[in-house]
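Novice: I'd like to ask some things about the structure below.
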Amino acid sequence: MSKMYYRELYCGSPVRFWMGLALLGAFIAVGLGAAYFMEHQGHWVTGMSNQIVWGLPHVFAIFLIVAASGALNVASIGSVFGGPLYKPLGRFSGLLAIGLLVGGLMVLVLDLGRPDRLIVAMTEYNFKSIFAWNVILYSGFIAIVAVYLWAMIDRGMERFKRPLGFAAFFWRIALTTGTGSIFGFLVAREAYDAAIMAPMFVIMSFSYGLAFFIITLIAAYMWGDRELGDLRLTRLKNLLGVFVGAVLYFVLAYNLTNLYATQHHGIERFILLDGGIYTVMFWIGQILIGSIIPLFLIYSPAFEKSRWAIAAASVAVLIGGFFQIYIIVIAGQAYPMNLFPGKEVIESGFFDGQVANYIPTFPEAALGVAGIAVALALVAIGARIIKVFPETLED
Amino acid sequence: MSNKSDQPSVDRRQFIGGTVAAAGALTLAPGVILHAASEKGKAPSGASGNHRWGMLIDANKCAEGCSACVEACNNEHGLTGFDRPATDAVWIRPVKLKDKQTGHVNRLVMMCQHCEHPPCVDVCPTNASFKRIDGVVLVDRHRCIGCRYCMMACPYKARSFVHEALTDQSVNAPRGKGCVESCTLCVHRIDAGVMQTACQEACDKEGHSAILFGDLKDPNSEISRVLKSRNSVQIRADLELNTGVRYLNL
Amino acid sequence: MRSSLISKRLLIILLAGLLLPAMQAIGESRYVTKNSKAASLDSCVAPTDEIRRNHMDFLQHSRDDTVIDGIRGLKYSLSECIDCHASRDSSGQAVSVTSEGEFCQACHGYVAVSPACFQCHRTTPAESGGGDSLGYHSDAQTHVWDVQQPAGRQRD
């Protein structure tokens, strides 16, 4: 193989670059305005309530954070597991991981009741709390990946590359385990309290992260008028197929476990049969769009070399993934907690026994979209000033 | 900061001693015991691990259509609603239940169950949710960042998030936008030596006496005696949280 | 640890240094607002200079003692600050200490600090007038313990 040269990514037309950045900036500005509005008014202006305490911003935030750790996989495969075809993609993988995590964290922090007290979260730790661990895991991830990125770029750091790659890989597994455990360790609610949440989140991160990676990679090489070989894309595509299948397997295992235990039939019935919007999201969003369509696009011989099919499959994986997290976060809260087994609540001063209502509002969505915009803007700016993309990726 | 600054001045101590001694001599309303009377002449020493405060709620006595305890709680803690039931604070709520098999109907009140092993305290990243040494589970609003993880973790739906800016709060319960809150077991009364919560007081006054507050660690307290002689239950006992609030006839 | 203590002390001195000339410029009598209880008293719960310099630390210290350990009736209490320093308008209504020109706001505004205290704590004395609104006030009947003051809260 000939020598790889990396070069800053310049868009074919500078106008397009700046217009693109301005568009992202506009999304970010609207999102920040929305966050200010929500903080200033208080959360009553959102769809969130004392029943649905985590809303759309959390869906976006968790989605981005999970995807972030998955985006690093390509680098890990390159330097930890020694896949030569993935090696040239490692730098971009690191940059994308940082970008997605920063975007997700911004959304998460701006949805706090008291974002002004972020310093308290940085200085007061309750080590029994998964959230406190996540504060460390998230900030550590950014630091480790930044150094890892440096080691991948700077020849003088070459000898640290492998150990750093290992460290980053284990750190990202810990991070996603921590994110999954936010739900896995909640004994109160029927949809959570399952150890499978942690490994399921790890597999979800593989899938979403790779899908994000493929889309941004294709976009970047179109954007910069550079050559991107089919061989490499096909490899990524096949890997995505495996991950989508693995997520489907975990979803199956999770639901089957619940279906076996009689006390969990309620929540299963809610998700699979009569949960209204959530049932639709599960079957149409998560299963059809997020799993079946991408698997078809990936494995059908008809689309073997089609770049559009690969991009479409990745987008479908992301849409399905978004619905999957929406169902975990929102439907898990909407389904009433069973405080009194064997009893039916016929009157309550606080919505006991009722399916909670949640309609997301525009400011919540704007904040979430701003998180994605921040991630993309960081990647666009980063790729322009750091040498992350090989000049060419022909086969 | 030096520690001497938080000691009350001497003349204040003498004054307290005098008041408490005088108050202790009074015949108080039924069920009202001045706990501080036993420590007369002492400076306020704060919560003590010699007590564990709890409540006992008799589902048979909780009267249909009554909301005296809810109103008393709202009044005591300055919980003002905004006519938005989904986001207004609820510290105590009546719940009416029907047994799915037998059709037997029960009514009771739910509030923070003041667990011995509170899930909200486990999950709080900043130690804002905490359990006082006397078993009262509270939120330190000076540390709460409003992440609402405790609301996700609470099996009793006991917590509320303050969804709007507030003014004119009660001195009994300073509270504000962006923090989580729940029943404090009238901790300001406990600290003042008044051994009766606002909800119990209201319930007694209505003549129902469905709520009994007391010290679970004191074998001679009324609540301990009733708990010993009658069969009570914890809600979601399967979670092994050892709640401080127990129920009769549920 | 040591150095942070020193820098904190320095910061406080610096703030006080900025504050004092301003206070002198305003004039001796303007430390407290007219028509407040404080105006009729000789000094605060500690010497004025000390309070002015350290009140935030005093309050922060007491706040943790009270919230976490349940120790009430301490020498420094925010509700007592408000009870004493809130002025009353011509109709006898208490004015919020954070209103323009009132005791807390005037100084905090001048030194450009915005303490978070009043996002949760009320800014006027409690209705019954002494931080002693303990008890259930839904009817006129007075309970025995209704008039009982929380230890240390009562002042003459």
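The values are calculated or read from the model by the stated rules, or taken from the named source; none is laboratory data. Remember, predicted model here, so these are calculated numbers, not experimental data. Neighbour counts are summed over all protein chains in view; Cβ atoms, including those assigned to glycine, are modelled from backbone coordinates with ideal geometry. Ligands, DNA and RNA are stripped out before the accessible areas are found, and what is left, the full protein with its side chains, is counted by its heavy atoms. Shrake-Rupley method; radii C 1.70, N 1.55, O 1.52, S 1.80 Å.
Novice: On a 1.4 Å probe surface of the protein chains, which of B:76, A:391 comes out largest in accessible area, and what is the full order?
Specialist: A:391, B:76
Novice: Averaged over peptide A:106-115, how many Cβ atoms belonging to another chain are found within 10 Å of each residue's Cβ?
Specialist: Per residue, the average neighbour count from other chains is 4.
Novice: Quick one: what are the phi-derived ³J(HN,Hα) couplings along region B:192-209, Karplus 6.51/-1.76/1.60 with θ = phi - 60°, whole Hz, x for glycine and proline?
Specialist: Going residue by residue, I get 8, x, 9, 8, 7, 7, 4, 5, 5, 4, 5, 5, 4, 5, 6, x, 8, 6 Hz, with x marking Gly and Pro.
Novice: Can I ask one more? Rank-order C:78-84, B:218-224 by packing density, defined as the average count of other C-beta atoms within 10 Å over each peptide's residues, highest first. Display every interim value, and only then the final one.
Specialist: Numbers: C:78-84: 22.0, B:218-224: 14.6.
The peptides rank, most packed first, as C:78-84, B:218-224.
Novice: Using a cut-off of 18 Å between alpha-carbon atoms, which aspartates and glutamates can reach residue A:387, once sequence neighbours fewer than 8 places away in the same chain are excluded?
Specialist: By straight Cα distance, residue A:387 reaches A:8, A:154, A:158, A:225, A:227.
Novice: Can I ask one more? Taking the alpha-carbon set of region A:42-107, what are its Rg and Dmax in Å?
Specialist: Both quantities, over Cα of region A:42-107: 16.6, 52 Å.
Novice: Ok, one more. Take the alpha carbon gyration tensor of region B:50-248, find the square roots of its eigenvalues, order them as a ≥ b ≥ c, and report rounded if a/c is under 1.5; if not, report prolate when a/b exceeds b/c, else oblate.
Specialist: Rounded shape, in that the Cα axes give a/c under 1.5.
Novice: Could you sort A:111, A:225, C:89 by their accessible area in this structure, using a 1.4 Å probe and putting the largest first?
Specialist: Of A:111, A:225, C:89, the descending order of accessible area is A:225, C:89, A:111.
Novice: Ranking request for peptides A:228-234, A:183-189: highest mean number of other beta-carbon atoms within 10 Å first, then the rest in descending order.
Specialist: Numbers: A:228-234: 15.9, A:183-189: 20.0.
For the peptides A:228-234, A:183-189, the packing ranking is A:183-189, A:228-234.
Novice: Classify chain A as rounded, prolate or oblate, taking a ≥ b ≥ c as the square roots of the eigenvalues of its Cα gyration tensor: rounded when a/c is under 1.5, otherwise prolate if a/b is larger than b/c and oblate if not.
Specialist: Prolate is the answer for chain A, as a/c is 1.5 or above and a/b outweighs b/c.
Novice: Could I ask something else about it? Sorted from largest to smallest, which semi-axis lengths in Å does the alpha carbon gyration tensor of the protein assembly as shown give for its equivalent ellipsoid, taking the root of 5 times each eigenvalue? Could you put the intermediate results ahead of the total?
Specialist: Details: eigenvalues 580, 241, 89 Å².
Here the semi-axes work out to 54, 35, 21 Å.
Novice: Could you do me a favour and compute the accessible area per residue for the protein assembly as shown, 1.4 Å probe, result in Å²?
Specialist: 43
Novice: To the nearest 20 debye, what is the magnitude of the charge dipole of region A:300-395 about its Cα centre, counting +1 on the Cβ of each Lys and Arg and -1 on the Cβ of each Asp and Glu? Please list the in-between numbers first.
Specialist: Details: 5 positive and 8 negative charges, 54 e Å.
Result for region A:300-395 is approximately 260 debye, rounded to the nearest 20.
Novice: Just the number, please: buried accessible area between B and A, total of both chains, 1.4 angstrom probe, nearest 100 square angstrom. It would help to have the intermediate numbers written out before the result.
Specialist: Details: alone 13980 and 18490 Å², together 27700 Å².
So the total buried area for this chain pair works out to about 4800 Å².
Novice: Whole Å is fine, so just give me how far the alpha carbon centre of region A:146-162 lies from that of region B:92-132.
Specialist: Computed from Cα coordinates, the inter-centre distance equals 52 Å.
Novice: How would region A:226-335 be classified by its alpha-carbon gyration tensor: rounded, prolate or oblate, with rounded meaning a/c under 1.5 and the a/b versus b/c comparison settling the rest?
Specialist: Details: a/c = 3.09, a/b = 2.43, b/c = 1.27.
It comes out prolate by the Cα gyration axes.
Novice: Please average, across the residues of B:174-186, the number of beta carbons from any other chain that are within 10 Å of each residue's own beta carbon, and give a whole number.
Specialist: The per-residue average across the peptide is 4.
Novice: Could you check which residue among A:317, A:280, A:369 shows the biggest mean-square fluctuation in a GNM of chain A with a 10 Å Cα cutoff?
Specialist: A:280
Novice: Hey, another quick one. Going by average Cβ neighbours within 10 Å, how do the peptides A:125-138, B:111-124 rank, with the highest at the top?
Specialist: Working: A:125-138: 18.8, B:111-124: 23.2.
Ranked from most to least packed, the peptides come out as B:111-124, A:125-138.
Novice: Where the centre of each part is set by its Cα atoms, how far does region C:25-103 sit from region A:196-269, in angstrom?
Specialist: Here the two parts' Cα centres lie 60 Å apart.
Novice: May I ask you to give the percent of accessible area on region A:222-280 that is carbon plus sulfur, with a probe radius of 1.4 Å?
Specialist: 67
Novice: Leaving out ligands, DNA and RNA, calculate the buried accessible area for the pair B and C with a 1.4 Å probe, summed over both sides, in Å² to the nearest 100. Kindly include the intermediate steps, with their values, before the conclusion.
Specialist: Numbers: alone 13980 and 10940 Å², together 21010 Å².
Accessible area lost upon association: around 3900 Å².
Novice: If you don't mind, there's one more thing I want to ask. May I ask you to list the aspartates and glutamates whose Cα is less than 12 Å away from that of residue B:100, ignoring any residue fewer than eight positions away on the same chain?
Specialist: List returned: A:344.
Novice: A further question follows. Which entries in B:61/B:177; B:131/C:75; A:3/A:161; A:128/B:61; B:157/B:177 show an alpha-carbon gap greater than 29 Å?
Specialist: Pairs exceeding 29 Å: B:61/B:177; A:128/B:61.
Novice: Rounded to the nearest percent, how much of the accessible area of region A:18-127 (1.4 Å probe, protein heavy atoms only) is carbon and sulfur?
Specialist: With neighbouring chains kept in place, the figure for region A:18-127 is 76 percent.
Novice: To continue, here is another question. Taking the convex hull of the Cα atoms, report for region A:1-93 its projected area averaged over all directions, in nm².
Specialist: The Cα convex hull of region A:1-93, projected and averaged over all directions, gives 9.5 nm².
Novice: Got a sec? Charge dipole of region A:3-137, +1 on Cβ for Lys and Arg, -1 for Asp and Glu; which of A:55, A:131, A:96 is way out at the positive end?
Specialist: A:96
Novice: Summarise the partner chain shielding of B:121-132 as one whole number: the mean count of Cβ atoms from other chains within 10 Å of each residue's Cβ.
Specialist: 6
Novice: If you don't mind, there's one more thing I want to ask. Given +1 on the Cβ of Lys and Arg, -1 on the Cβ of Asp and Glu, and no further charges, what dipole in debye does the protein assembly as shown carry about its Cα centre, rounded to the nearest 20?
Specialist: That gives a dipole near 2060 debye.
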